[in-house]
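Asks: Structure below; questions to follow.
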């Protein structure tokens, strides 16, 4: 309220701690330069408002997961979460973990425990999905990474599509299924080819150099500990 008795409503930015998966990656020094692909991913995922879904398609070992995690790590969304979509069971487990992290208030945690205690599997899954949708809809923006999604039929209920029920966000999928590009849930796709011979050699050299550096550091630490000046007198 100001001096003249008028009331102003001030909306403060959301300062709550972001909700993020760990997104494990190899040592930075062993990663190849994929900046062009990462830039393309960002461009395609931000080409429209609402929900945007991009699939990274390629054979196993092409680097899809590493690319997806590198991109996710660089994002500053309120929620950045990896979903293990390898099976229906792993997918549901990932949603349970996400639901726990989305539950901030004590009543929300109680409600979630009640959902997870439901014995009827189909009802429990339905309530869990609704809970996650409701919590994501409260967020300003989110990014969900579905890793190893090769069976869209069993997973499609868990893939965001409707902005009215899921809120606004982006979906990044890694898959070996080349037919996923024609699925209505996917807006666009990028084919990730097998690493070239040059890239494989470069990756091998980077890994070996990194192991050599680790070995040197370990030896130096051992020498420092064993040095007479650093020994503790009895």
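Every number in this text was worked out from the coordinates using simple rules, so none of it is lab data. No experiment lies behind these values; they were computed from the predicted model shown. Glycine also receives a Cβ, built like all others from the backbone with ideal geometry; neighbour counts cover every protein chain displayed.
Asks: Using Cα centres only, tell me the gap between segment 116-145 and segment 86-100 in whole Å.
Replies: 10
Asks: Of all the Cα-Cα pairs you can form in segment 19-195, what percent are over 25 Å apart?
Replies: Here the long-distance tail beyond 25 Å is 31 percent of all Cα pairs in segment 19-195.
Asks: Under a point spin-label approximation (7 Å from Cα along Cα-to-Cβ), what is the residue 93-residue 164 distance to one decimal in nm?
Replies: Taking the simple label geometry, residue 93 and residue 164 are separated by 3.6 nm.
Asks: Could you please rank 87, 35, placing first whichever residue has the fewest other Cβ atoms within 10 Å of its Cβ?
Replies: Exposure proxy ranking, most exposed first: 35, 87.
Asks: Can you give the extra length, in nm with one decimal, that the chain gains between residue 39 and residue 157 once fully stretched, where that is 0.36 nm per residue apart less the Cα-Cα distance?
Replies: Net length gain for the segment: 39.6 nm.
Asks: Mean projection of the alpha-carbon convex hull of segment 80-128 over all orientations, in nm²?
Replies: The Cα convex hull of segment 80-128, projected and averaged over all directions, gives 3.5 nm².
Asks: In which sequence would 185, 24, 131 go, from the one with the fewest C-beta neighbours within 10 Å to the one with the most?
Replies: Starting with the residue having the fewest Cβ neighbours, the order is 24, 185, 131.
Asks: While we're here: Extension gain residue 181-residue 137, at 0.36 nm per residue separation less the Cα-Cα distance, in nm?
Replies: Result for the pair: 13.2 nm of gain on full extension.
Asks: Give the order of 79, 153 when sorted by the count of other beta carbons within 10 angstrom, beginning with the fewest.
Replies: 153, 79
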